[in-house]
1. Return the only residue of A:ILE159, A:ILE102 being within 12 Å of A:PHE91 (Cα to Cα), within 13 Å of chain C (Cβ to nearest Cβ) and open to solvent by 40 Å² or more (accessible area, probe 1.4 Å).
2. Go through (1) crowded, with 18+ Cβ neighbours inside 10 Å; (2) part of a loop (DSSP other than H, G, I, E, B); (3) β-branched (Val, Ile, Thr) and name the single condition E:THR13 misses.
3. List the pairs whose first member sits in region A:62-77 and is polar (S, T, N, Q), whose second member is open to solvent by less than 80 Å² (accessible area, probe 1.4 Å), and whose Cβ atoms are under 6 Å apart, counting only residues at least 6 apart or on separate chains?
4. Given the structure, is B:GLU230 among the charged types (D, E, K, R) and open to solvent by less than 30 Å² (accessible area, probe 1.4 Å)?
5. Need the failing condition index for E:GLY32 against (1) on the phi < 0 side of the Ramachandran plot; (2) out of contact with any Lys or Arg (no Cβ under 8 Å at 6 or more places or on another chain); (3) in contact (Cβ under 8 Å) with a residue 40 or more places away in the chain, just the number.
6. I'd like to check something: does region C:131-144 contain any residue that is open to solvent by less than 10 Å² (accessible area, probe 1.4 Å), on the phi < 0 side of the Ramachandran plot and among the β-branched types (Val, Ile, Thr)?
7. Could you pull out the residue among C:GLU240, C:GLU255 that is under 22 Å from D:VAL73 (Cα atoms) and either at pLDDT 95 or above or not polar (S, T, N, Q) (or both)?
8. Of all residues being open to solvent by less than 40 Å² (accessible area, probe 1.4 Å) and within 14 Å of chain E (Cβ to nearest Cβ) in region C:214-241, which is nearest to E:HIS54 (Cα to Cα)? Just the residue, please.
Amino acid sequence: MTQKIGIIYQGFPSEQELAKAPGVPSDERIKRGPVAFIECVQEIPCNPCEEACPYGVITVGKPITNLPKLDEEKCVGCGTCIAACPGLAIFMLNGSKQKAEISFPYEYYPLPEKGDVVDCVDREGKTVTEGKVLRVVKSPKYDATAVVTVEVPMEYIKIVRSIKRLRRS
Amino acid sequence: MKKTAEIVVIGGGVIGTSIAYFLSKRWKKVVLVERDDLASGSSGACDIDIILQSKNPGIHLKLAMASAEIYKNLPEELDFDIEYENTGGMILIEDEEQLNVMKEFVKKQRAVGLQVDLLDFKEATKLQKGLAPHLVGATYSPQDGHVNPLRLCIGFARAAAKRGAEICLGTAVTNIKTENGRVKSVVTNRGEIETEIVVNAAGVFTPMICEMVGMTAPIKPHRGQIIVTEPVPKFVMGAVLCAKYIVAKYNPKLLEGSDDLETRLGVGLSLSQTRNGNILIGGCREFVGYNRSTTHEAFVTILKHATRLVPALKEIHAIRSFAGLRPYTPDGLPLLGPVEGIEGFIMAAGHEGDGIALSPVTGRIISDIILDGKTFIDIAPLSPGRFGK
Amino acid sequence: MKTTEIAVIGAGPAGLSCAVEAARAGAKVTVLDENLKPGGQLFKQIHKFFGSREHKAGTRGFRIGEQLLSETEKLGVEVLLSSTVYGLYEDRLIAYIKDGKDNTLRAEKIVIATGASENALAFPGCTLPGVMGAGAAQTMINVNRVLPGKKVIMVGSGNVGLIVSYQLMQAGADVVALIEAAPKIGGYGVHAAKIRRAGVPIFVSTTIKEVLGEEMVEGVVTVELNEKWQPIEGTEREFEADTVCLAVGLSPLTELAWMAGCEFTFIPALGGHVPIHDKNMETTLPGIYVAGDITGVEEASSAMEEGRLAGVAAAESLGYIDAQKAEELKQQIWARLDALRTGPFGEGRFSAKLKQLNSRRLLA
Amino acid sequence: MKEEYICRCEEVTREEIERAIADGATTLSGIKKRTRAGMGLCQGRTCRRLITQMLSKTKNPAEITPPTSRPPVRAVKIGEIVEGEDD
Amino acid sequence: MRVIHHPILGDDTRVCNATITVDGRQIPAVEGEPIAAALLAAGIKKFRETPKHHKPRGIFCAIGRCTDCIMTVDGIPNVRTCITPVRDGMVIKTQKGLGEWSEAK
């Protein structure tokens, strides 16, 4: 059987789907500094990201099944939207430094700690590189969703989307 | 599509399938028509008892005893497990008044050859555990038993089919054509069947079939409600009734004046346990037309009555209740045999709560009547014309 | 016998929302639920809900449950817990067991909000200990705080299968694989993406051939299916696992509505036979309403809206809300329901619900 | 290969249900009468849908309605029923 | 196994304040939790053997509907362990078939 590509077959968005998603910023923008990266490619009835953004740069509008549109020029990369997305589909990328910084929502136990060297995984959960944990942000506003930021080699900026689950002791 | 049959039997309950079986045993071309499925009327909504000792001495008991004889070899004959068991049965007696009625009843039954004894409380508890201490005794007969009515229907139908009978399910009779006072054909929603003989075994729906030939049948639906418990290890000794049931059926005068819920709903105990372990707890008798709903009133009253006599039931869970309509006749006896004035129209209905017990003998009698013109029991008292036109 | 104005059967999202609306309008409301705790399935939903602010989007299910409960308390709704409704009889008589006793309650209006139950699936070995409903596993981990197993195979890629897989990992289990008989994933892609990132492979066009083990689950053999849903020989795959979770859909729990005598219509998209109701959620029997999954399986968000609708309509029919105000409230709820029933996942339900409403009109 | 149970309570296999269908059962209660599937402790709540799927190979599923729904819809202890109020 | 730490629900602060006896073995439990949960926590998955084919069964629906998890509890067979709360001192037996009546019956 030939492998069919795309979110409904593989469970994660393909390059083509991401390219069309209005919440995905341009490569050029990513290079300029932190920016939200919204991997929302299906029209589901959902809009908390729109309300969460303090700068009003994410637009869903009516109907609420519209895909979220990111105004990449105005996005400051604050990361507030990451924990607000019920689908855990928003990431933050920063390609302006020597190493890539990737922030993602994390809801497993135990949490990594700042400074940990961890296995970083792609959208299929495959370990692709090691990375260093730069920040672990927990806020009552996030309601138990932690936002973790790792630092990985720049070539992984569009590949790494999480870390390998840490084992419980 | 037109079909022909030597005999058409209407009704796929225990009576209809039994008749089809007994006729097909003698290789008659029988077509059984049933508007729904096998056992979808009273035969699928009743208890499992084959009780002799509840029958009035006379033709009623005679029929039941003849039926019990047939039952003994039936599983083998049908080559099908109908879950028949000769378990014995008892009737629980609550007070002196009931005891007196039962004493008289037993005396008469013994006189016609039924094995039945009066037991005191101690003897009764040996047979059935968990009885209430206020009981004064019970009657016991080793001749009572059990059968699974659903499997009985299926067993009859399969055995009949094996001998060439055609079982047409989902086939509703819409008319019966007669010519010069003789049956010509049966019209159904699936076509017409030419025949000279029709057997009406439609249970509570018998009057509707009768109307098609211009006859009225004195059969009324009598609703009974039964409660089913979860399967539990062997608990009920066999068939257990209460004397109130007998008193209500044969000496209703004794209950006159009492208007408690129990009496109003005609509640009496009937307790039995299926092979799978479910206990069936009955029952009541109400005239509510063709309404097959269950009621909360009856649910509670039946259980209160049952636990008054057998308190041990309280630990068990009820999982279902159901209601069935018993084909009642004014004298409690079925209508069996040819109908005068409509040649070829035979009645076999109105067994009320005795359909299961009497189905084998009914099959045999109707087959004898059709094929030989006579039978081994004098069925004159059961004549369909006995209540007048 | 007890009496009340509005009896609500089921204290889940639909039932509680209904009670809140009706009580807010001033009606005397009694909610019955067989469980020790109210909230229905909300208390095992530990993920953030979708929708928009009015639908409490972004809030975790169990917190929505807590909010609803405190509202019912504030409004003085009578919530009878451990109250097992076992029968619904003529003249709106409810029979239930509470405190080891039989009780009856007669209500002027009854709202049946009994929800749905998980579908089973049959395959060789399906009765082995370790094979269970995904919802069962979810209850164990999130409510009872015990793991049903360590290595799980999830069957079914609807939102339940995807979400429970995620939550099993949150509780510390490993999900070995998720399999789906259909050629594509049924639930939201974002839920699938979460578990893919966590390393769970998803196999579409795949089903269970057999569960291994004699005393309990020891492994699973899967097989791929062709376009005609027939197994393809030679595509078997064996997994080591101690638990198999079934997330193969839900069916409305309609028994009480059948018992009451409501008329039904058959709509596969809603889970099969569902009670016919009008835009007020009233069934073909005057005074008997339905709300939530019993009317067709959807998300908790829509269940809550339907509950509100029934609550408003029942209170209106008792004279607690005037027609104009009621119409206004209902318009708002309908709009919110419509918002949830849009997009590729919602359209099907929207047209299914329309069909359900039309069958009411056809009867009228 | 292990048996494939459709009715978990009464331990009725797929094969037994197929035989009942061949025997003329076209409804859920027809299957119930012939195999006991649906007569167990859970009263068909678990197997009903699976049997409906099997029946719908030859019959429109819209016409396959559940057997008459009767109280109690939950198993209830008889002792608790008789403890109730007198009304 | 119990889920003590949880990223969303936090730590489970309940303590095992009850002991139940399962087929003669004592296991710790939390008063009020479903019997089935206590058994799973202790690693017990097989709850009964069926009457007809003597096959093992365990938890299936966990909401009291399917009755796969029934056991004999304090001498009473057919108790749905997934919805019956633990009480200290309960005596629980793996149910064989329809179970057995205790002496009281």
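The values are calculated or read from the model by the stated rules, or taken from the named source; none is laboratory data. As the structure is a prediction and not an experimental result, all values here were calculated from the model. When we count neighbours, we look across all protein chains shown, and the Cβ atoms used for this are built from the backbone with ideal geometry, even at glycine. The accessibility values were calculated without ligands, DNA or RNA, using every heavy atom of the protein model including side chains. Shrake-Rupley method; radii C 1.70, N 1.55, O 1.52, S 1.80 Å.
1. Result of the check over A:ILE159, A:ILE102: A:ILE159.
2. (1)
3. Here the result reads A:THR65/A:PRO45; A:THR65/C:THR342; A:THR65/C:GLY343; A:ASN66/A:VAL60, each pair linking region A:62-77 to a residue that is open to solvent by less than 80 Å² (accessible area, probe 1.4 Å).
4. Values: among the charged types (D, E, K, R): yes; open to solvent by less than 30 Å² (accessible area, probe 1.4 Å): yes.
The answer is yes for B:GLU230.
5. Condition not satisfied by E:GLY32: (1).
6. Yes - at least one qualifying residue is present in region C:131-144.
7. Values: C:GLU240 fails: under 22 Å from D:VAL73 (Cα atoms).
Step by step, each of C:GLU240, C:GLU255 is checked, and only C:GLU255 is under 22 Å from D:VAL73 (Cα atoms) and either at pLDDT 95 or above or not polar (S, T, N, Q) (or both).
8. Result: C:VAL217.
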